[in-house]
Amino acid sequence: MLCKHVYTAEDEPVKAGRRKVGEVCNSTHGSERYGGYCAPHAKQHRTIPQEEWDEENKKRSEAKRSKRLEHMENVAATINGKDSETPYVNKNVLDAMNLNEPCDLKTEYAIFCATNPNPTFVKYNEKMAFARWIRTPAHLRTPQTTEEAADILGITSKTLNCWRTSPDVIRFINEDTENRFLGLYPFAMYKLGCRIDNGDVQGIKLYKEWYEEKMARANKKEVRLDIPEDLQKEAAEHAAETGKINRGQSLASEKNMVVDSYFAGKLPSEDEQ
């Protein structure tokens, strides 16, 4: 039997734009026992006993959860490449970025509350725990529904859905992902090493370019004093003459003498002043 409920402007599906005013529900779950309505609309029209509604609602929730779990299992199988020769997501990359670890929202939230990293930010702990949970691959999340997550954080499901597009949450996810991306460096070097070991010419070339660039950066950091050669020679002779037992004292004395002599020539004399 088809549900005979006619949608009005007060119905949530109409407000959300999913239905139009005057449109009939026509759900196949309509029942004469409930006055020709499906269970949700029978509840709205008060033609279903509260006990039966609670039982129907429980069945609907369990069916929804079961369907979601099945979807998560399919996603996990696809990611791990169990259903195809080519995985949808490379598990090695997820491991390298530490994105293949389970996320328990209760634990994340407890950590944020204990450390309280940003006490002046409204709902910071809740937002950041939710951001870390939503960033985790869906099949690795605990809990697995937004409704359950809302209960843990003490926030309504509607608010959590708004937080998905919140600039604060998006910024946290982006920064967290960027930091994790930096963790790919050892992984990338390992892969490059494998290519070199296989005699890959392009891999060897990439390593050579990286090494030369690294050495160039290291050499750039060494700033040498522009000391004239005659002063350097005089300093060397002075160091040989002094014959300091402590080489460290000798080098310090040598440096001070050279610097003082060099800058003394740059300063104006008392007559010039």
How much length is gained if the chain between R164 and K20 is pulled fully straight, taking 0.36 nm per residue apart and subtracting their Cα-Cα distance, in nm to one decimal? 49.1 nm
Distance in Å, no decimals, from the C-alpha centre of the stretch 161-192 to the one of the stretch 1-52 is 44
Give, as a single signed number, the net charge of other residues whose beta carbon lies under 13 Å from the beta carbon of E148, with Lys and Arg counted +1 and Asp and Glu -1. +2
Round to the nearest 0.05 the FRET efficiency obtained for D151 and V6 when R0 = 25 Å and r is the Cβ-Cβ distance. 0.15
With the convex hull built on the Cα atoms of the stretch 92-182, state its orientation-averaged projected area in nm². 5.8
Inter-label distance for K214 and R33, nm, one decimal - labels placed 7 Å from Cα along Cα-to-Cβ: 7.3
For S27, other-chain or 5+-apart residues with amide H closer than 5 Å (H placed, Pro excluded) are C3
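Since every read-out is calculated from the coordinates, none of them should be taken as a lab result. Since this is a predicted model, take the numbers as computed values, not measurements. Glycine also receives a Cβ, built like all others from the backbone with ideal geometry; neighbour counts cover every protein chain displayed.
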